């Protein structure tokens, strides 16, 4: 979710001016500008006309930069319904960030939350616009020519993860996010149910990996706040110091759970210098010389947290399996024409979802699970 540039003009069918225009479309638009304006007015967020542009590469939820006079905001909403219960819960996502902000976690400032579906057909929230860069496949200056800065950024990424995991879950603001039972069991159950709902074709490896993960469930460790999608592509990097992360975004899968799941996800999605691009495909820019190796990331995390980082292959497999499940959901929306107009990048999931499942199986094979 980039808060700075890399924005795409929205299609005429994705963004319309009035509810009357929306009612004439075969498919509901993503934004109705008169509704957005009235919501901003009600919360004292700027005045006058607005201009919007899609930003970021996320296809699970949609993010728009909203310009109003001299002000800029970011609006985040789920995809077009229907979607399975408990998914794409942007209201919960906003409330988690509201709980984390006073605890020192680097999150955007949430300005207003709308759970009234009469405005856009779905809930949404508005947050501050943060000046910065989100790094995916290109490196901004001076990272493009400074290996030392790249190395520092990679280590700082781990430091931010340790910072998140260091938040005390006994804080009253986090009480609504505490769940009884085993976080990993809940993850396996939830994503197994999502696969049954979202699968567009038979991929036996997904079911097989789910069974193998359940059969080798690791012993529990003390719970922490977890991001759920922790990778460089969900960080906003400072424009002043590109080795400094100013905010972690995209908290859709945030929870209180097993911190090893975040570390495993980071390793699963991370491209090492000189290595093939991660199968999940996020932030391939870390393949440039200077970025830390996965071993360095693990050692940095262990040093920062005092955590035993052995046996992470199970968590890498969990990350790849979950990625296969939610990427299949995005692929299904692509096949049904439910994504934003012209958004054809999700076509790649036809081939990569089976590869993610196979990679998850290979990670379990390497651990003997």
- request: Scan the stretch 102-119 and give yes if some residue there is touching a strand residue (DSSP E or B) at 6+ places or on another chain (Cβ under 9 Å), assigned to a helix (DSSP H, G or I) and touching a residue at least 60 places away in the same chain (Cβ under 8 Å), otherwise no.
  value: yes
- prompt: Within the stretch 139-151, can one find any residue that is surrounded by 20 or more Cβ atoms within 10 Å (Cβ to Cβ) and either free of Cβ contacts under 8 Å to residues at least 60 places away in the same chain or within 17 Å of the chain's Cα centre (by Cα) (or both)?
  reply: no
query: Regarding residue 158, is this residue more than 24 Å from residue 91 (Cα to Cα), within 22 Å of the chain's Cα centre (by Cα), in the same structural domain as residue 225 (by TED's automatic domain parsing) and modelled with pLDDT of 95 or more?
result: yes
query: In the list 290, 332, 281, which residue meets the criterion of being modelled with pLDDT under 95 and at positive phi?
result: 281
- request: From 36, 122, grab the single residue that is at pLDDT below 95, buried (at least 20 other Cβ atoms within 10 Å of the Cβ) and more than 17 Å from the chain's Cα centre (by Cα).
  value: 122
message: Can you find, within the stretch 292-304, the residue that is farthest from residue 166 (Cα to Cα) among those that are surrounded by 19 or more Cβ atoms within 10 Å (Cβ to Cβ) and in contact (Cβ under 8 Å) with a residue 60 or more places away in the chain?
response: 292
- prompt: For the stretch 74-84, does any single residue satisfy the condition of being out of contact with any helix residue (DSSP H, G or I) (no Cβ under 9 Å at 6 or more places or on another chain), under 12 Å from residue 126 (Cα atoms) and touching a residue at least 24 places away in the same chain (Cβ under 8 Å)?
  reply: yes
Of all residues in the stretch 305-354 being closer than 23 Å to residue 155 by Cβ and in contact with a helix residue (DSSP H, G or I) (Cβ under 6 Å, 6 or more places away or on another chain), the one that is surrounded by the most Cβ atoms within 10 Å (Cβ to Cβ): 319
- prompt: Within the group 223, 248, 268, which residue is in contact (Cβ under 8 Å) with a residue 12 or more places away in the chain and surrounded by fewer than 22 Cβ atoms within 10 Å (Cβ to Cβ)?
  reply: 223
Residues that are assigned to a loop (DSSP other than H, G, I, E, B) and either surrounded by 16 or more Cβ atoms within 10 Å (Cβ to Cβ) or not assigned by TED's automatic domain parsing to the domain that holds residue 234 (or both), drawn from the stretch 271-287: 271, 272, 273, 278, 279, 280, 281, 282, 283
field: Of residues in the stretch 92-119 being over 15 Å from the mean Cα position of the chain (by Cα) and closer than 28 Å to residue 189 by Cα, the one surrounded by the most Cβ atoms within 10 Å (Cβ to Cβ)
entry: 100
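The values are calculated or read from the model by the stated rules, or taken from the named source; none is laboratory data. This is a predicted model, so every value here is computed, not measured. Every residue, glycine among them, receives a Cβ derived from its backbone with ideal geometry; neighbour counts consider all protein chains shown.
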